[in-house]
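Inspection log for the structure reproduced underneath, given as structure tokens.
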Amino acid sequence: MAAGSGERVAGRTRWGKFALIVILPALVLIPLLVVFVGIVFSESDDRPLGGAAQEVPCANVLRFGGAALPPGAQPAGICTREGWQDLHYRAEFRMPRADVRDWLARTYPDAPAPKTEFCPDEDADLCLGLGEAEGLPESVSADTVQVSVVHEDAGTARVRFAAFTL
């Protein structure tokens with residue numbers, strides 16, 4: 001049988017079609033995949049994957065965690081939202097130091113008492129970590145809320161509030 005007769009010759013493969021259908025698209029897609037993976041893993045370790053933090057109103061941050069800005073509170077920085085599938089909200093504000101425990105008790109009535117030792121933030125004088133099992137109300141959008149309080153002086157406390165989904 002002649003090679004040009006259109007019939008298959010034993011031992012020959014059609015590498016040309018294979019290369020055109022499989023290898024050529026792979027050569028185009030592999031560099032794109034490498035760039036994508038590089039971008040994803042170049043994110044900072046202290047931020048969730050999904051993009052840079054966006055400034056949002058502090059009231060939105062606290063509402064996401066089932067709270068409201070306490071009376072007499074003043075923002076102490078920008079409030080942020082970041083993430084894509086998992087959302088991380090952060091806020092910092094100052095409030096009267098004497099009102100912190102009452103504000104926490106009114107906001108999260110089923111929560112345990114705030115801790116004064118072994119807080120995740122080393123400089124915190126008081127902290128509270130909440131999830132569904134730790135007194136976070138079911139109606140709250142966040143899965144976890146973390147509150148850290150630093151006593152700046154005799155009358156002022158700096159509160160770091162974080163609420164996020166898992």
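Would you mind checking which residues have amide H under 5 Å from D125's amide H? H placed 1.01 Å from N; only 5 or more apart, or other chain.
Hits under the 5 Å cutoff: V149, V150, H151.
Using only protein heavy atoms and a 1.4 Å probe, report how much of Y89 is accessible, in Å² to the nearest 10.
Accessible area, nearest 10 Å²: 30 Å².
Starting from the Cα of R101, step 7 Å toward the Cβ, then list every residue of region 145-165 with an amide N under 18 Å from that point.
Residues 147-159 qualify, since their backbone N sits under 18 Å from the label point.
Mind listing the long-range amide H neighbours of T144? Cut-off is under 5 Å, sequence gap 5 or more, other chains count too, H placed in the peptide plane at 1.01 Å from N.
F164
I'd like the accessible area for K17, computed on protein heavy atoms only with a 1.4 Å probe and all protein chains in place. Round to 10 Å², please.
130
Once neighbouring chains are kept in place and the probe is 1.4 Å, which whole percent of the accessible area of region 63-166 is contributed by carbon and sulfur? The partial results should precede the final answer.
Values: 2760 of 5710 Å².
Carbon-and-sulfur percentage of accessible area, whole number: 48.
When the Debye formula is applied to the Cα atoms of region 100-163, each taken as the same point scatterer, what base-10 log of I(q)/I(0) results at q = 0.23 Å⁻¹?
Rounded to two decimals, the profile gives -0.97.
Mind listing the long-range amide H neighbours of T156? Cut-off is under 5 Å, sequence gap 5 or more, other chains count too, H placed in the peptide plane at 1.01 Å from N.
Long-range HN contacts for T156: R97.
Rounded to whole Hz and in sequence order, give me ³J(HN,Hα) for region 106-117 from the Karplus expression 6.51 cos²θ - 1.76 cosθ + 1.60, θ = phi - 60°, writing x for Gly and Pro.
6, 6, 10, x, 9, 7, x, 5, x, 8, 10, 10
Convert each backbone phi in region 121-129 into a coupling constant with the Karplus relation 6.51 cos²θ - 1.76 cosθ + 1.60 (shift: θ = phi - 60°), then list the ³J(HN,Hα) values in order as whole Hz, x for Gly and Pro.
Whole-Hz 3J(HN,Hα) from phi for region 121-129: 7, 4, 8, 6, 8, 8, 8, 9, x.
Using the heavy atoms of the protein chains and a 1.4 angstrom probe, tell me the accessible area per residue for region 65-129 in square angstrom. Mind showing how you got there, number by number?
Details: 3810 Å² over 65 residues.
Here the residues of region 65-129 average 59 Å² of exposed surface.
The values are calculated or read from the model by the stated rules, or taken from the named source; none is laboratory data. Everything numeric in this text was worked out from a predicted model, so none of it was measured. For neighbour counting, all protein chains shown are included, and Cβ atoms are generated from backbone atoms with ideal geometry for every residue, glycine included. SASA here: full protein model, heavy atoms, side chains in, ligands and nucleic acids out. Shrake-Rupley method; radii C 1.70, N 1.55, O 1.52, S 1.80 Å.
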